[in-house]
Amino acid sequence: MKKKVIITFPPNTVDKPLVYSLMKDYGLWINIHRAIIEPQKHGKIVIELRGDKKQIEDGIKFVKDQGIGVNALEQDVILDRDKCVDCGVCTSICPSNALKLDKDTYKLSIDYDECVVCGSCAEICPVNAISINF
Amino acid sequence: MKLIRTYDEINKRIENGEAVVVTAEEIIGMVEEDGQERTANYVDVVTTGTFSPMCSSGVFINFGHAEPPIRMQKITMNDVPAHGGLAAVDTYLGATNVAKEDPKYGGAHVIEDLLRGKEVNVTATSVGTDCYPRKEINTWVRLDDLNNAIMYNPRNCYQNYNVAVNTSQTSIKTYMGTLLPNLGSAHFSTSGQLSPLLNDPELATIGIGTRIMLCGAQGYVSWNGTQHHPSVQMVNGHKMYSGGTISVIGDLKQMSHNYLRAAYLPGYGVSIFIGIGIPIPIMSTDVLKGVCVKDEELYTKVVDYSSHKVNKPVLGYVNYKDLRDGKIKVDGRDIPSSSISSYAKAREICNELKVRIGRGEFNLQAPIEQLPKETMFNNLKV
Ligand code: SF4
Ligand code: SF4
């Protein structure tokens with residue numbers, strides 16, 4: 001299985017060789033979609049973990065035990081349904097096809113498995129319905 | 001044109017709760033099943049709707065007089081300038097004016113805040129006159145405090161609109177949204193088969209005085225819209241209508257924020273989503289022919305917005321079915337398409353209007369006059 005998460009490093013943990021440990025000690029296959037890491041400041045990476053369920057759970061526990069935040073994308077890429085007017089203009093801007101209007105209801109949905117947290121949708125939404133903590 | 005029913009007959013049936021009212025989407029299937037003649041014989045009204053950014057919108061406001069009174073000349077509402085060129089405490093707040101301190105907040109946001117019951121800061125200055133001695137005011141108002149808040153939008157409901165694309169090498173920011181470079185995205189702005197003026201292509205029933213649902217309130221078509229310039233051309237064997245516009249009026253106090261939303265388009269500025277529903281009475285089979293139009297029969301032109309000219313290059317013609325399905329072909333290339341107008345909201349508006357007519361809360365007003373057919377559409381000399 002695969003799971004995409006946003007990992008947030010507090011300032012003093014940025015130097016830890018986290019990705020290496022996840023690969024070597026937990027046998028996870030890793031894909032980094034986006035990263036902002038500056039020494040002495042907090043860092044964020046959007047990461048896709050692939051492995052079996054147990055490997056992923058153990059890996060995430062290991063990261064959390066280091067005092068590092070792990071959020072599912074749902075917690076950091078937020079669509080405010082009350083604000084969204086379902087225009088759909090964001091759907092053609094999204095580089096990963098994560099935003100779609102339902103074929104029957106024409107309402108917007110986000111597929112978090114596809115989202116790479118690029119931020120384009122949040123930038124262009126005319127009613128500010130998408131907020132991204134990154 | 002054979003007349004099937006009159007406005008009076010329809011309104012009688014609405015009053016008696018007998019009127020058959022369907023949406024512009026439902027009518028398509030009915031006509032496919034029963035044919036035009038039969039459907040026209042039992043459907044009284046078809047509801048149409050749109051929910052799109054419409055920049056040419058705003059509200060006339062009367063604040064009431066302060067003690068001592070002021071003749072307001074320079075006016076702001078939440079830091080957004082409002083027009084000071086009317087009578088002492090009258091103003092027009094345009095949707096696209098922006099706050100001095102925040103370019104992402106504008107008249108549209110003030111209008112939405114008022115509608116949501118929020119307090120809005122009002123400041124005004126004046127030279128002071130014998131009859132209006134006060135020179136300054138700084139106070140707070142809510143929508144309920146205002147004597148009048150009359151929405152008057154000089155141009156809404158464009159009959160048909162361009163698809164915007166970008167052939168340049170960099171993203172461009174437009175009132176149609178941010179267009180990706182190298183034909184990376186195509187944006188359109190209409191509810192197509194639900195759109196009021198596309199369902200009445202000859203403007204036979206939508207005219208001056210037509211009663212409409214404006215942002216959830218009862219409103220009226222007040223005149224033709226600015227730049228109203230109806231035209232028709234043949235594309236792929238279909239008539240492509242475009243250019244019709246209406247100006248509309250209604251009481252902001254009766255409106256709902258569900259059908260009005262302030263918008264900010266990055267790099268362009270502030271606009272306002274306006275929701276409009278218009279009922280079309282099925283007076284004849286000709287009128288029915290208009291309302292049963294489908295997205296695949298409705299065409300529009302693809303325009304290159306990277307050109308800085310007024311008359312931008314047209315790259316081709318596409319229909320609304322392809323646009324809505326998310327992909328169009330231009331010059332043999334597939335381009336992802338999306339709409340800045342909400343189909344879901346347009347549908348909600350059609351349904352809401354259908355329910356109101358069904359309950360007898362909304363009846364039909366025949367136009368007092370048709371919209372003009374011959375109009376001028378000049379460019380400004382420089
Ligand atoms: S652009 Fe904004 S309002 Fe439009 S569908 Fe996307 S999230 Fe919703
Ligand atoms: S953040 Fe980027 S990838 Fe994710 S939904 Fe928005 S546009 Fe798509």
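Per-structure values
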| item | result |
| --- | --- |
| Interchain or long-range residues, amide H under 5 Å from B:A19's placed H | B:I14 |
| Cβ charges +1 (Lys, Arg) and -1 (Asp, Glu), total dipole of chain A, debye | 260 |
| Distance in nm between pseudo-label sites at B:I368 and B:Q254 (7 Å out along the Cβ direction from Cα) | 1.6 |
| 10 Å Cβ neighbours from other chains, averaged over peptide A:118-131 | 3 |
| Listed peptides A:115-122, A:52-59, B:173-180, B:113-120 by packing density, highest first (mean Cβ within 10 Å) | B:173-180, A:115-122, B:113-120, A:52-59 |
| Karplus-derived 3J(HN,Hα), 6.51/-1.76/1.60, for each residue of segment B:281-297, Hz, glycine and proline x | x, 7, 7, 7, 5, 4, 5, 4, 3, x, 6, 8, 5, 10, 3, 6, 9 |
| Cross-link partners of A:K53 among aspartates and glutamates (Cα-Cα below 17 Å; sequence separation of 8 or more within a chain) | A:D25, A:D113 |
| Candidates B:C55, B:C292, B:C131, ranked by Gaussian network fluctuation over chain B, Cα under 10 Å, top entry | B:C131 |
| Residue-averaged beta-carbon neighbours from other chains (10 angstrom radius) around B:333-343 | 5 |
| 0 to 90° range, to nearest 10: angle between helix A:53-65 axis and chain A longest Cα axis | 70 |
| Part-to-part distance (alpha-carbon centres) for segment B:254-326 and segment B:339-382, which is given in Å | 12 |
| For residues of A:96-102, the mean tally of beta carbons on other chains within 10 Å | 2 |
| Hz values of 3J(HN,Hα) by residue in segment A:105-116 - Karplus curve (6.51, -1.76, 1.60), Gly and Pro given as x | 8, 6, 9, 7, 9, 10, 9, 5, 5, 8, 4, 10 |
| Cα-centred dipole magnitude for the protein assembly as shown, charges only on beta-carbon of K, R (+1) and D, E (-1), debye, nearest 20 | 1020 |
| Cysteines not pairable in the protein assembly as shown (beta carbon separation under 4.7 Å absent) | A:C84, A:C87, A:C94, A:C115, A:C118, A:C125, B:C55, B:C131, B:C157, B:C215, B:C292, B:C350 |
| For segment B:155-193 and segment A:77-109, distance of Cα centres in Å | 17 |
| Mean separation of Cα contacts under 8 Å (6+ apart) over length of segment B:94-216, as relative contact order % | 13 |
| Residues with amide H under 5 Å from that of B:M240, placed H, sequence gap 5 or more | B:Q233, B:M234, B:V235 |
| Highest-first arrangement of B:281-291, A:103-113, where packing means the average Cβ count within 10 Å | B:281-291, A:103-113 |
| B:N311-B:M234 pseudo-label distance in nm [points 7 Å out on the Cα-to-Cβ vector] | 2.3 |
| Nearest-20 debye value, chain B charge dipole, Cβ charges on Lys, Arg, Asp, Glu | 880 |
| Lysines with Cα under 30 Å of B:K118, excluding same-chain neighbours fewer than 8 positions away | A:K83, A:K107, B:K74, B:K100, B:K104, B:K135, B:K253, B:K345 |
| Dipole-positive endmost among A:L28, A:I68, A:P10 within segment A:2-75 (Cβ charges, Cα centre) | A:L28 |
| For segment B:209-231 versus segment A:22-56, the gap between their alpha-carbon centres in whole angstrom | 56 |
| Segment B:172-184 - phi-based ³J(HN,Hα) in whole Hz, Karplus 6.51/-1.76/1.60, Gly and Pro as x | 10, 9, 10, 5, 9, x, 7, 9, 6, x, 6, 6, x |
| Over chain A, relative contact order from alpha-carbon pairs under 8 Å, at least 6 apart, % | 25 |
| Fraction of the pair-distance distribution of the protein assembly as shown above 43 Å, Cα-Cα pairs, percent | 28 |
| Computed label-point distance, nm, for sites A:D80 and B:N148 using a 7 Å Cα→Cβ extension | 3.4 |
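Bear in mind that the values in this text are calculations on the coordinates, not laboratory data. Bear in mind the structure is a predicted one, so any value in this text is a computation, not a measurement. Neighbour counts are summed over all protein chains in view; Cβ atoms, including those assigned to glycine, are modelled from backbone coordinates with ideal geometry.
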